[in-house]
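A short write-up of the structure that comes next.
The values are calculated or read from the model by the stated rules, or taken from the named source; none is laboratory data. Worth saying up front: this structure is predicted, and the values here are computed from it rather than measured. Counting neighbours? That spans all protein chains shown, and the Cβs are built from the backbone with ideal geometry, glycine included. All accessible areas refer to the heavy atoms of the entire protein, side chains included, with ligands and DNA or RNA removed. Shrake-Rupley method; radii C 1.70, N 1.55, O 1.52, S 1.80 Å.
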Amino acid sequence: MFGSSGSRVLNVINISYIQSRSKRVWVRKPLGSPMAKSKIFRITPKPVLPEDEKAEIKRLFDNYKNSMKSIRHYFFEQSLKQAESGEVAQMKHRLEDQEHERLMEENRLENEKTAMLREERLKIQAEKTQQNVLASLIKKEGEAKLHKIQIEDFLTKQMSTPFIQAENIEKAIEDALANPVNFNFALDLNGYVYRGKDTSIDTIPEEKRERLNSN
């Protein structure tokens, strides 16, 4: 529609429109011009979109936000890597070294304190263990002495009991045969003992009956 001369004119001057053959052709609105009076109170209706189209637009917008976030994070990491060789990085390294030395010293002091507490606890525990062992040994020694005394008393009683010696065994057999002992006996409700298998209760007077010892 326009020739080369017309294009050069449009590039040089800022006009609202040009007239060609009694017809106005709008180029663009001048910069800084206010809103047209005919559009001041015009409310543009909000477009109604289908649900699937809204979901697709939201998905694309979320992908865009995630991509931009990843790009910003990547550039931030790259800037940190480049700053590592600078003065700020050196200052950061010095501060980290100082903090590390401080923490190491604090850790050493804490280890020494813990070691002292552990030594004191082990010392007290060793003393308690020694006392318990000593008390246990004293108790066992007393029990051994008591057991020894009981054994000696038992042996004394056994030695005082008359035994049949080897040289007297024939005489003991003859005495046993000459004086037979009947171990059969009976008891009544009053505690009287009737020895012998063939003993009759009526043949023994009451004053001569043997009474069982209650002790």
Handout entry: Selected residue (criterion: modelled with the lowest pLDDT) from residues of segment 175-188 that are surrounded by 10 or more Cβ atoms within 10 Å (Cβ to Cβ) and out of contact with any Leu (no Cβ under 9 Å at 6 or more places or on another chain)
Key = ASN182
Practice task
Could you list, in sequence order, all residues of segment 149-181 that are in a loop (DSSP other than H, G, I, E, B) and hydrophobic (A, V, I, L, M, F, W, C)?
Solution key: PHE163, ILE164, VAL181
Exercise for the section: For GLY191, state whether it is without any contact (Cβ under 8 Å) to a residue 60 or more places away in the chain, open to solvent by less than 100 Å² (accessible area, probe 1.4 Å) and touching a Leu at 6+ places or on another chain (Cβ under 6 Å). Expected result: yes
